[in-house]
Each structure stands twice: as C-alpha cells, then as structure tokens.
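Visitor: Following this message is one structure expressed as structure tokens.
The values are calculated or read from the model by the stated rules, or taken from the named source; none is laboratory data. Values in this document were obtained by computation on a predicted structure and should not be read as measured data. Don't worry about glycine lacking a Cβ; one is built from the backbone with ideal geometry, like all the others, and counts go over all protein chains shown. We work out accessible area using only protein heavy atoms, side chains counted, and drop any ligands, DNA or RNA first. Shrake-Rupley method; radii C 1.70, N 1.55, O 1.52, S 1.80 Å.
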Amino acid sequence: MPDEPFRTIIEPFRIHSVEPMRLTTREQRAAALAATGYNLFEVRAEDVLIDLLTDSGTGAMSAEQWAGIQRGNEAYAGAPSFYRFRDAVTSLFPFRHILPAHQGRAAEHILFTAAGGPGLVIPNNTHFDTTRANVEVSGAQAVDLPIPEGLHPAQRHPFKGNMDVAALGRLLASQADAVPLVMLTVTNNSGGGQPVSMANIRAVREVCNRYGKPLFLDACRFAENAWFIRTREAGYADVPVADIVREMAGLADGMTMSAKKDPLANIGGWLGLNDDSLAERCRNLEILTEGFPTYGGLAGRDLEAIAQGLRECTDHDYLSYRVRSVAYLGEALEAAGVPCVVPFGGHAVFIDARGMLPHIDPLQYPGQALACALYAEGGVRSCEIGTVMFGLHPDGTESPAALDLVRLAIPRRTYTQSHMDYVIEVVARVASRAAELPGMRIVSQPRQLRHFTARFAPLR
Ligand SMILES: Cc1ncc(COP(=O)(O)O)c(C=O)c1O
C-alpha cells in the first residue's frame, strides 16, 4: 500500500542549539522607536522579539555546516576551501568563472563597475534595491519590466515574478546599443518574492539571443524558485530541484549571488560568468575591493559553510517545509482580512500596506507606518518595501513607488510554528485598528538607499 502523506508538514530538523529572545514592554518599544527616528534598521536586535526584517544571513546553520567551519582552510591563495566552494557552486551553476564576494551587493558592484556606465540601460524583471543602486552609481539606468500582474497585489498568477518579454523586446528594439546585459531576479524579491517560470527565462533568453545580449540571473533565491517551477509548471513535477536549477543556469551567461539567502550561509556571495574578457576585468576589480579571487572577501570557513548549504538547500523535504511555512503565515493573515500579495512567495509574506491603510497617502509612507505599528504592538520587526525604499530618485525628486508593501521575511530554519502563530496575532491586532494609524513624515534622509538611515516622525 502506498504511504498516505500526512497533512502536517513538519520542520525537517531538530533544534541543535538555542538562542534566547528578550521580551520587551510596550513602553520599551515606544522608547526604542522614538530614539531611532522610527527606523527599524536602527533598532537594536535585542529589542526585537521576532525578527522578520530579512531572510538574508539570518538562517540557522546545520551541524554539517558548523563541521565545515572547522574544516575551513585560511590560505591566502588556492585554499582547498575555495575549491570545495567552487565545485559546489558549479555543480548547480556551471559558469566558467566563479568569483567569491563577501555578499551579493559586492558582486553587483563589481559587475556594474565593469559592465555598466553612463548612458547604458539595464533591464530586469524588478531590480532589488542594492542592484538598482549599483546600476545607478555606475551612471546607468535601471529599468524594471515586470509583467502587469506583478503590480497588482491581489491578482493571482503562478509566476508573478516573470519579466514582461514583449516590453523587453520593445526596449531592445529601440535602444539595443545601450543595453550591455539583461538581468532576471529569481525569485523576484521586490515584486513580492514571486517566482519566475522556466518558460519565461527561456523566452527572455530568446530575446537576448536576437540582440546578442548576455543574460544574468540575480539568483539569490534560486532553490525556492526551482521548487515553484517543480510544483506549478507543467512538465517539471518529476524533475529534481537540482536539475531544474541547472536548467535555469544553462539559459544564462552569468549570475550575481548572495549566499545569505538560499545557500543557508550567514555571509557570502559570488559573481559567476562565462565571458573571459569581462571576467578578467571583474577579477581585477575584485582584487582591488574584495581580495584575491580564491577568497574574495570571505574566510575559508565561510566558503565551507556556503558549499555545504548549497547541498542542503535543494533538498525536497526542506523546500516543501520552507514554502509551506511561508504560506501558513500568509493564509492565516488572509483569513484575518489582511490584504496580502498573493499567491504567497518563497521567502516572505508581503502585506499590502497601501490596501490596508487607504487613509494614508503613499507619500506619507503607509508601509513605514505599518512596520512601526507591528513593532510597537508586539516587537515584530518587518521591512517597508515601497515608497521609502524606491520613491526617491537620483535627481532628488520623489514619487510613490508602484506598491507600498511590508515584508515579513522568514529566516530559514530559525522560527517555529508557535512563533508564527504569535506573529499572526500581532498583525491581526494591528489590522483591527488600522484606521487609527497615522502616516509618517521624513525628518532627515541621505540621497541614496534612504530606507537604511532616514529618520521619520508620525504625522500626529
Ligand atoms: C534579489 C536580491 N538581490 C541582491 C541582494 C543583495 O544581497 P546582499 O544582501 O548579500 O548584498 C538581495 C538581498 O536581500 C536580494 O534580495
């Protein structure tokens, strides 16, 4: 008789060591908000109970990863840890050149210093904030081309992270000479953690071929993306995730990567590419900013942790639990009447703050208002992904972002179901008095990446 599957999808791991969390009072949290100018990036981690600010570098490592840390070889050049790292990367992403970097944005900085520049245009399904900033710092223009469904939080689409291929075709038809490369972000973080289908990657590849343009993946969440392809795209139900990843990689000419996401490491990243002459320019830049190309800003032990994490993150039981636990949170919030981006993505639940707080104008930052309210209510830290993050332009003007979202990012293998039940209660309580929440104004801000350091004040 075939095994009847159980309805409960459990965490496929036991707790190995524990880290205490500090409960705070409402008064303590109000004081922390006032002292930090209502910027949750400035709040101390000890003052946060459930930290859903990011899934980046916040996951729990496995016993085998900690064993890898002990194996770390710290030779300046040619360490065995580098070759174990490179082999683990190329077993999934067989690019000719793999340049380690201390995190994803360092890889982006190297790539766009070498391949960007004034007058150039970089299309992407949706640039992540650091990717956009690195493109713009080079003098190039970052253009987002999501499919129309990607801009509507309530509209369901199995691959809402897809790029608008027709729009890419139009862009290349009118300014092909200005486009040095095309990027695809998998999954599409700023667009709601939504996956990109294999059919879409293939279609983008075909347009790139027509114009002779290289395609780069911003592949931070490749394993979650591949899991969605396996579970949602026709023809992939029986294909192992690792093979799906190799097929995705085979359609690209290079990648930027943050190992702080799917590879289950606390630090790290890399740049992968096939073009020998671009690789040489990038390697020279890497030596200047990150270090020798066999360590690239990382200790040998970090390279070991990434290599082992890469083996673990394509495991089907892990990915099934991962995607299910995100949907568990999302479904409960939806049931409580909280407007969310649907369907739920791979690493986070995105609350539609503009939909939840229609009385707050986008230029009074409904996402920031909601994120602060969640912290004040229950010590839950989240992240605004909206007008604060994307509304300020290089020329100093400001306009509303396409969406005002609050991201509840779930660190990998870190929190349990009861932690999520607590988060659900906190969000539902804030939602029940949403009409009372005030908008925010900016008191001070830098010219770039303002969400990290801007200071805010409530409007009343
Ligand atoms: C899609 C995407 N690209 C790039 C990055 C940058 O990676 P890192 O934080 O390692 O610099 C992130 C980080 O959150 C991301 O989500």
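Visitor: Quick test of your reading of the structure: residue 55 fulfils all but one of (1) surrounded by 21 or more Cβ atoms within 10 Å (Cβ to Cβ); (2) touching a Phe, Trp or Tyr at 6+ places or on another chain (Cβ under 7 Å). Name the failing condition by number.
Guide: (2)
Visitor: Hey, another quick one. Read through the list (1) away from the ligand (no atom under 16 Å from the Cβ); (2) touching a residue at least 24 places away in the same chain (Cβ under 8 Å); (3) open to solvent by 60 Å² or more (accessible area, probe 1.4 Å), then give the number of the only condition that residue 41 fails.
Guide: (1) is the only condition that residue 41 fails.
Visitor: Regarding region 254-265, can at least one residue be identified that is under 21 Å from residue 309 (Cβ atoms), away from the ligand (no atom under 16 Å from the Cβ), among the aliphatic types (A, V, I, L, M) and not in a loop (DSSP other than H, G, I, E, B)?
Guide: Scanning region 254-265, I find no residue that is under 21 Å from residue 309 (Cβ atoms), away from the ligand (no atom under 16 Å from the Cβ), among the aliphatic types (A, V, I, L, M) and not in a loop (DSSP other than H, G, I, E, B), so the answer is no.
Visitor: Is one or more of the residues making up region 80-99 assigned to a loop (DSSP other than H, G, I, E, B), open to solvent by less than 20 Å² (accessible area, probe 1.4 Å) and touching a strand residue (DSSP E or B) at 6+ places or on another chain (Cβ under 6 Å)?
Guide: yes
Visitor: Got a sec? Which of 33, 53 is modelled with pLDDT of 95 or more, hydrophobic (A, V, I, L, M, F, W, C) and assigned to a loop (DSSP other than H, G, I, E, B)?
Guide: 53
Visitor: Still on this structure, please answer the following. Determine whether residue 137 is of a type in the set (A, V, I, L, M), within 16 Å of the ligand (Cβ to nearest atom) and open to solvent by 40 Å² or more (accessible area, probe 1.4 Å).
Guide: Against the criterion (of a type in the set (A, V, I, L, M), within 16 Å of the ligand (Cβ to nearest atom) and open to solvent by 40 Å² or more (accessible area, probe 1.4 Å)), residue 137 qualifies.
Visitor: Let me ask something else. Out of curiosity, is residue 361 over 22 Å from the mean Cα position of the chain (by Cα) and not hydroxyl-bearing (Ser, Thr, Tyr)?
Guide: So residue 361 fits the description; yes.
Visitor: Give the residue that is most open to solvent (accessible area, probe 1.4 Å), with candidates limited to residues of region 384-405 that are part of a loop (DSSP other than H, G, I, E, B) and touching a residue at least 40 places away in the same chain (Cβ under 8 Å).
Guide: 394
Visitor: Residue by residue through region 106-131, note down the ones that are assigned to a helix (DSSP H, G or I), out of contact with any Pro (no Cβ under 7 Å at 6 or more places or on another chain), more than 10 Å from the ligand (Cβ to nearest atom) and in contact (Cβ under 8 Å) with a residue 60 or more places away in the chain.
Guide: Selection gives 110, 111, 113, 114.
Visitor: Tell me, which residue of region 163-211 that is charged (D, E, K, R) and in a helix (DSSP H, G or I) is farthest from residue 229 (Cα to Cα)?
Guide: 177
Visitor: I'm checking my understanding of the structure. Among residues of region 253-297 that are open to solvent by 10 Å² or more (accessible area, probe 1.4 Å) and of a type in the set (A, V, I, L, M), which one is nearest to the chain's Cα centre (by Cα)?
Guide: 267
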